[in-house]
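Structure first, commentary second.
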Amino acid sequence: MDIHKPRPVHSWREFLSEICVIVTGIAIALTGEQVVEAIHWHHKVEATEASIKAELGNDLRWALQVKQHGRCAKQFLDIFQAALIASDTQTIQKLDVLLGTDDGPFPAAPWSSDTFKAALGSQIGDHLPEGRMVAYSREFTWVPLQMEFQKKLYDELAMAMTAKLGLPRTPDTLDRQIAAVLRVRSDENGRLDIAGAMLDYASENLSISPSNPVYIATNAGHATNCETQIQAIHSTATH
C-alpha cells in the first residue's frame with residue numbers, strides 16, 4: 001500500500017498550500033458528516049411524526065365517538081334518573097342490557113399518547129417546527145383527561161346500576177345512587193367539552209381528522225340505534 005510521505009516545505013507559499021489542503025479536507029469531512037446527520041434526522045422525524053399523526057388520528061376518532069353518542073347518553077341518564085326516583089327496576093334493567101351492547105351510550109375508547117411521549121424523550125421535538133410541537137403537546141394533554149373521565153364515569157355508573165338488582169332501598173341508598181348519576185352527568189359533560197376542543201383544535205392547527213372513516217360511519221349507526229332503543233325503553237317505562 002502506498003503511503004503518502006510528507007514532503008519538506010521549501011517556502012511559506014508551499015507551507016500555506018499544505019495547510020489549505022488539510023483545512024479543506026477537514027471541512028469537507030465535517031460537511032459530509034453534517035449532511036449525513038441531517039438526512040438521518042429528516043427520515044427519523046418524518047417517520048416519527050407520521051406515527052404521532054396516526055396516534056392522534058385514533059384519539060380524534062374516540063373524541064368523535066364521544067360526540068356521536070352524546071345525545072343518546074343524555075337521554076339514557078334522564079330516563080335512568082327518573083327510573084331510580086320511581087323505583088322502576090324493570091326500566092333500569094333494560095337500560096343495563098343496553099349498556100352491554102355495541103349500541104350502548106358509553107362505548108369504551110383505548111385512548112393513547114405513548115407514541116408522543118416516546119417522541120418527547122428522543123429529541124424529535126428539537127427537529128420539528130416549534131408551533132407544530134406546541135400544537136401536538138396541547139392535543140395530547142387532553143388525552144389523560146379523557147382517560148380519567150372515562151374511568152370515573154364507568155365507576156359511578158356501576159355504583160348507580162346496583163339499583164338493577166331490585167333490592168329494597170333506603171332513602172340513603174337512593175340518594176347515593178342519584179348522586180352517582182349526577183356525577184356521571186358531570187363526567188359526560190367534561191368528556192364532551194374536551195372532545196369538541198380536541199376535534200376543533202386539531203382541524204384548525206394541525207389539519208388532522210379522525211381516522212378510519214368506516215369505523216366512524218359504523219359508530220354513527222350505533223349512536224342512532226342507541227337513541228331508537230332509548231325511546232323504546234322510555235315508551236314502556238312505568239313511571
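The values are calculated or read from the model by the stated rules, or taken from the named source; none is laboratory data. As the structure is a computational prediction, the values presented were derived from the model and not from experiment. Ideal geometry is used to build each Cβ from the backbone, glycine not excepted, and the neighbour counts take in all protein chains shown.
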Item checked: Tally, over the range 198-239, of residues that are touching a residue at least 24 places away in the same chain (Cβ under 8 Å) and β-branched (V, I, T) -> 6
Item checked: Residue, surrounded by the most Cβ atoms within 10 Å (Cβ to Cβ), within the range 45-85, restricted to residues that are among the small types (G, A, S) and modelled with pLDDT of 95 or more -> A63
Margin query: Can you find, within the range 202-238, the residue that is modelled with the lowest pLDDT among those that are outside any helix (DSSP H, G or I) and surrounded by fewer than 12 Cβ atoms within 10 Å (Cβ to Cβ)?
Written below: T238
Next item on the list: Would you mind finding the one in L145, L167, L199, L174 that is on the phi < 0 side of the Ramachandran plot, more than 19 Å from the chain's Cα centre (by Cα) and either at pLDDT 95 or above or part of a helix (DSSP H, G or I) (or both)?
Entry: L174
Check: Taking the condition touching a Gly at 6+ places or on another chain (Cβ under 7 Å), under 30 Å from G196 (Cβ atoms), at pLDDT 65 or above and not charged (D, E, K, R), does L98 pass?
Finding: yes
Notebook entry, point to check: How many residues does the range 143-160 contain that are hydrophobic (A, V, I, L, M, F, W, C), buried (at least 19 other Cβ atoms within 10 Å of the Cβ) and under 17 Å from D96 (Cα atoms)?
Noted result: 3
Margin query: Suppose we filter T218, T224, T228 for residues that are over 17 Å from the mean Cα position of the chain (by Cα) and under 16 Å from I79 (Cα atoms); which single one remains?
Written below: T228
Next item on the list: Scan the range 179-194 and report the pairs whose first residue is without any contact (Cβ under 8 Å) to a residue 60 or more places away in the chain and assigned to a helix (DSSP H, G or I) and whose second residue is among the aromatic types (F, W, Y) and buried (at least 18 other Cβ atoms within 10 Å of the Cβ), with Cβ atoms within less than 8 Å and a gap of 6+ or a chain change.
Entry: D187/F149; G190/F149
Margin query: For the range 113-142, which positions are in a helix (DSSP H, G or I) and either touching a Gly at 6+ places or on another chain (Cβ under 9 Å) or on the phi > 0 side of the Ramachandran plot (or both)?
Written below: A119, M133, Y136, S137
